[in-house]
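The values are calculated or read from the model by the stated rules, or taken from the named source; none is laboratory data. The structure displayed is predicted, hence computed values, not measured ones. When we count neighbours, we look across all protein chains shown, and the Cβ atoms used for this are built from the backbone with ideal geometry, even at glycine. When the accessible area is computed, the model is the full protein with side chains, heavy atoms only, and any ligands, DNA or RNA have been set aside. Shrake-Rupley method; radii C 1.70, N 1.55, O 1.52, S 1.80 Å.
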Amino acid sequence: MTAPLTPRNNQPPNEPPHHGRPSADDVPSPWAVPATDHGATAEDGGPGLARELREAALIALVVALCGLLLGALWNWLAPHTPLISDTKAVYLKNTEGEEAIAADGTFILLSLALGVLTAAAVFLLRRRGGVPLVVALALGGLLGALLGWRMGMWLGPTVDVAAHAKQVGPGVTFDGPLLLGMKGALLAWPVAATLTHLVLTALFGPADPQPAVYWPAAEGTPAPDGPPPSAGGPASDGQERPAPDERQRPGDERPPAS
């Protein structure tokens, strides 16, 4: 009496099916999203974000210190308002003068120029961009404008007009303090820096890498909808390739028609 043979379809549990080939359940789907590394990145709040924040803080500090240059240039280039006094009050020497408006315009033009220059310098040093970098440019530009405003007033004539008039004497022309009439001019630097950096990043910044798509060729993987590329379509050499059901197999040769 002999033991019955084990059917081929009923494999023992300890024997891998298909003679070592992976089953359909073990083959990854070609449409599945590949697993990503869950390590620390800038978006996840890891060391990358800490490094970007340190760089942004340093950039904001350097840009803000450029406000000292803004104050010096503003005091040098902006026209000063001439004043004159008598024994009772201080008056404008030229009542129709536009020195005050010219001083505001000079401050705005210098702020715009420094905003463009600082944004271009930061872009050349660090082309990757990022939200912390843009925020650092805007914040540093605002602090630089505030510092330049106060620096220009400090370098210019004293704001104590009465004491200055008493010092020079009545009937003597002296320069008035350097004042900023339009406080909205303080936003010229951060706006110019932000827009310049965004434009440079859009035109000359590195392109985002395209994700690679993998199509594993394994048995049991479902194929996408539609006919395969070789089904009746043109071959790579330009000749028409027959469909799989129209190909002749060995032994199926048809006799020529008489």
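Determine which member of the set Leu147, Leu143, Leu179, Leu187 is over 13 Å from Leu70 (Cα atoms), assigned to a helix (DSSP H, G or I) and not small (Gly, Ala, Ser).
Being over 13 Å from Leu70 (Cα atoms), assigned to a helix (DSSP H, G or I) and not small (Gly, Ala, Ser) holds for just one of Leu147, Leu143, Leu179, Leu187, which is Leu187.
Within segment 97-119, take every residue that is small (Gly, Ala, Ser) and surrounded by 20 or more Cβ atoms within 10 Å (Cβ to Cβ) and give me the one that is farthest from Asn75 (Cα to Cα).
Here the residue is Ala119.
For segment 175-188, give me each residue that is open to solvent by 50 Å² or more (accessible area, probe 1.4 Å), modelled with pLDDT of 90 or more and among the small types (Gly, Ala, Ser).
Result: Gly184, single match.
Against the conditions (1) free of Cβ contacts under 8 Å to residues at least 60 places away in the same chain; (2) open to solvent by 80 Å² or more (accessible area, probe 1.4 Å); (3) under 25 Å from Arg51 (Cα atoms), where does Leu139 fall short? Just the number, please.
(1)
Go through segment 49-103 and count every residue that is assigned to a helix (DSSP H, G or I) and not aliphatic (A, V, I, L, M).
The number of residues fulfilling the criteria is 10.
Please find, among Val134, Val172, Val191, the residue that is in contact with a Ser or Thr (Cβ under 8 Å, 6 or more places away or on another chain), modelled with pLDDT of 90 or more, open to solvent by 30 Å² or more (accessible area, probe 1.4 Å) and not small (Gly, Ala, Ser).
After applying the criteria, what remains is Val134.
Quick check: is even one residue across segment 222-243 open to solvent by less than 100 Å² (accessible area, probe 1.4 Å), out of contact with any Ser or Thr (no Cβ under 6 Å at 6 or more places or on another chain) and at pLDDT 80 or above?
no
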